[in-house]
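The values are calculated or read from the model by the stated rules, or taken from the named source; none is laboratory data. All of these numbers come straight from a predicted model, not from anything done at the bench. Surface accessibility is based on the protein's heavy atoms, side chains included, excluding ligands, DNA and RNA. Shrake-Rupley method; radii C 1.70, N 1.55, O 1.52, S 1.80 Å.
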Amino acid sequence: VQLQASGGGLVQAGGSLRLSCTASGRTFSRYGMGWFRQAPGQEREFVISASWSGVTTDSADSVKGRFTISRDNAKNTVYLQMNNLKPEDTAVYYCATGDSAWPRRHLNEYVYWGQGTQVTVSS
């Protein structure tokens, strides 16, 4: 399974970005997808995840109301829409998937990881 994340960049506080992650190597529509992030000197942390259909989602408290996850199973792609970005959202963002069809928030529940895409929010 390969995951390719894209869409990161530099944005001012209050702005928006949309990240994309395209998967290959297995039947995308059967598995949940998640996004994590890692800031310099910090541990990788859960951001948001979605079920196989995208109907059921779970998100960290720090991003509730600002970030949403969606997926297009026909395109084997999951999206992370980030609105009202804050400087503390600055991190490398990773997409990931595991063996569950449902949203998961723990790193050890994910098997496959993308390469990461940098998001920098300036104040």
- For the stretch 66-116, restrict the atom set to alpha-carbon positions and state the Rg and Dmax in Å. 12.3, 34
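From the convex hull of the Cα coordinates of the stretch 27-123, what is the mean projected area in square nanometres? Each step should come with its number before you reach the end.
Details: hull surface 24.2 nm².
Average projection, Cα convex hull of the stretch 27-123: 6.1 nm².
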- Item | In Hz, Karplus ³J(HN,Hα) per residue of the stretch 74-88 (6.51, -1.76, 1.60; θ = phi - 60°; x = Gly, Pro) | 5, 9, 6, 10, 10, 10, 10, 8, 10, 10, 6, 5, 10, x, 6
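In what order, largest first, do Arg30, Arg18, Arg104 sit by accessible area if the probe radius is 1.4 Å? Could the numbers behind the result be given before it?
Working: Arg30 150, Arg18 130, Arg104 80 Å².
Reading off the accessible areas and sorting them downward yields Arg30, Arg18, Arg104.
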- Residue-by-residue Karplus 3J(HN,Hα) for the stretch 102-114, coefficients 6.51, -1.76, 1.60, Hz, glycine and proline x: 10, x, 9, 10, 9, 4, 6, 8, 10, 10, 10, 10, x
- Note on the structure: Residue by residue through the stretch 32-49, the couplings from Karplus 6.51 cos²θ - 1.76 cosθ + 1.60 with θ = phi - 60°, in Hz, x for Gly and Pro, are x, 10, x, 10, 10, 9, 9, 8, x, x, 10, 6, 5, 10, 5, 10, 6, 8
